[in-house]
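Q: Before I ask anything, here is the structure I am working with.
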């Protein structure tokens, strides 16, 4: 159940970043067929995408490892808590990027 819950957090973060591409706040790099592209970790041009990749490559895995090894302390403090924190960071940065884009139009 822990991994499903962590994946729900991760899916929400993906939707937030994807929304930045859909509304034109972020521009999809040439050659990318989808955005965000989780296989393009080293090519990401925005901090929200870098945060998304760290969620995927580090915090999600730590939550999984902690749950698998029945270590709730590790799962929580090194997986779940950073996932929740980073989701909020991504939401805050997305709002900031949209506000900056809107201010540039005026």
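Q: Based on the Cβ-Cβ distance from residue 85 to residue 43, what FRET efficiency comes out when R0 is 22 Å, to the nearest 0.05?
A: The computed FRET efficiency comes out at 0.35.
Q: Ok, one more. Quick one: the Cα spread of segment 1-47 along its three principal axes, in angstroms, biggest first?
A: That works out to 38, 22, 19 Å along the principal axes.
Q: Using just the alpha carbons, could you tell me how many Å³ per residue the convex hull of the chain encloses? Numbers along the way, then the final one.
A: Values: hull volume 9.5 nm³, N = 106.
Convex hull volume per residue, Cα atoms: 90 Å³.
Q: If R0 is 22 Å, what FRET efficiency do you get for residue 32 and residue 103 from their C-beta distance, rounded to 0.05? Don't skip to the end; give the middle numbers.
A: Numbers: r = 27 Å, r/R0 = 1.22.
Calculated value: 0.25.
Q: Given 10 Å bins starting at zero, what is the percent of C-alpha pairs of segment 22-64 in each, up to the one with the largest pair distance?
A: 28, 50, 19, 3
Q: Per Stokes-Einstein, at 4 °C and 1.567 mPa s, what whole-number D in µm² s⁻¹ belongs to segment 48-106, with the Kirkwood radius over Cα pairs as the hydrodynamic radius?
A: Calculated translational D: 104 µm²/s.
Every number in this text was worked out from the coordinates using simple rules, so none of it is lab data. Quick caveat, the model's predicted, so the values are computed rather than measured. Reconstructed Cβ throughout: ideal geometry from the backbone, glycine too, with neighbour counts over all protein chains shown.
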